[in-house]
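Participant: The structure is given below, and queries will be raised subsequently.
The values are calculated or read from the model by the stated rules, or taken from the named source; none is laboratory data. The structure displayed is predicted, hence computed values, not measured ones. We place every Cβ from the backbone using ideal geometry, glycine too, and count neighbours over all the protein chains shown.
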Amino acid sequence: MRGIVALSVVAASIWVGGSVAAAQAEGAASPETGTQASAPDSAPAQAAVPSAPSRPIDAGTYAVRLRDLEQRINELKEQIFRSKARLSLLAETVLEGVVGGGQAAIVHENRMSKSYKLVRVVYALDGAPIFTKADEEGTLGDQKEFEVYNGSIVPGEHTLTVSLEYRGHGYGVFAYLKGYRFKVRSTYTFAVPEGRVSTVHVVGYEKGGPATPLEERPAVRYIERVERPVRPDEMGEGDR
């Protein structure tokens, strides 16, 4: 009798243990529980490796890059100004219907001595730049005469603004002039009659005499001439 009871207890234990294990397995696999066991993370998260800091730019390199950038910006500004001036003059010519109505010619003459090297020229007509040229070598001053503008223009009064910059070119007792810069700015108003050509010669020269200080000598004067345009039937064989 005792053997039967002991056997019944062992059987009950086996049945209970199996039911509990089955229930645990079903709970882990059943989607209704809403939870799912996850394996422990055996590998730690990899730490982010900081990037190497960029190499700092020294003051000399920064200054060179800054000057290069400023030079490029100035060149772009001059190109924009010249384009704007051409468009402005073209718009006036078309809108005002002055094709052949008036014409202007502007010529620069250099009559400065060898003590002054012309290194920069800026011309503006009615506030719009029409000619800009720079040459630090001084070859710009080797040209005794060059044309600044020649084309149609609205009849009436116009204002010409001239900016010239010279670099001192001394030798002997005047060698100190090499470190000097001389700037001249002048404004001139001229008229363009209907059906006429107005030619303005802008002359850079040295005013005063031997006693005049060198910084006061650079000056500008204007020579204006108005004439009627030459018709094609009036041209000679050499002009055609």
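Participant: Is there a residue in the stretch 103-111 that is part of a strand (DSSP E or B), touching a Phe, Trp or Tyr at 6+ places or on another chain (Cβ under 6 Å) and crowded, with 16+ Cβ neighbours inside 10 Å? Walk me through it before giving the result.
Facilitator: Taking the stretch 103-111 as the starting set, the residues that turn out to be part of a strand (DSSP E or B) are 103-110.
Checking the rest, the ones that are also touching a Phe, Trp or Tyr at 6+ places or on another chain (Cβ under 6 Å) come to 106, 108.
Then drop every residue that is not crowded, with 16+ Cβ neighbours inside 10 Å, which leaves 106, 108.
Yes, there is a match, as at least one residue in the stretch 103-111 is part of a strand (DSSP E or B), touching a Phe, Trp or Tyr at 6+ places or on another chain (Cβ under 6 Å) and crowded, with 16+ Cβ neighbours inside 10 Å.
Participant: Looking only at residues that are of a type in the set (A, V, I, L, M) and under 23 Å from the mean Cα position of the chain (by Cα) in the stretch 129-147, which one is modelled with the highest pLDDT?
Facilitator: Top of the filtered list is 130.
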